[in-house]
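Remarks on the structure that follows.
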Amino acid sequence: MVEAGYSSGGAQRGCGEALVIPLKADFHFGDEGIDSGVGVLTWERYYGTQMDFLREVGELLGYDLFQLHRAWYPNGTSS
């Protein structure tokens, strides 16, 4: 998401609620969890990129999450 101009990672809350990806506990803290030491880049190589997930969720919901984000945060961030 950084390459698209958005912050990434749980500790970086500046991207706003429209671009938060909810994960089940195993993906956070399990043996292959993003917060258990695997890291974002390795996790994305294994499961797919955050951008891919956002696009897929947007398609399933029927709207563009990036457009929603821009409507909620016209200045670009939630902070």
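Assorted remarks:
- Single unsatisfied condition, G58 versus (1) in a helix (DSSP H, G or I); (2) modelled with pLDDT under 80; (3) surrounded by 12 or more Cβ atoms within 10 Å (Cβ to Cβ); (4) not hydrophobic (A, V, I, L, M, F, W, C): (2)
- Residue within region 11-32 that is under 20 Å from A71 (Cβ atoms), modelled with pLDDT of 80 or more and out of contact with any strand residue (DSSP E or B) (no Cβ under 8 Å at 6 or more places or on another chain) present: yes
- Selection within region 17-38: residues that are free of Cβ contacts under 8 Å to residues at least 40 places away in the same chain and aliphatic (A, V, I, L, M). The member of this set that is surrounded by the fewest Cβ atoms within 10 Å (Cβ to Cβ) is A25.
The values are calculated or read from the model by the stated rules, or taken from the named source; none is laboratory data. For clarity, every value in this text was computed on a predicted model and none was experimentally measured. Every residue, glycine among them, receives a Cβ derived from its backbone with ideal geometry; neighbour counts consider all protein chains shown.
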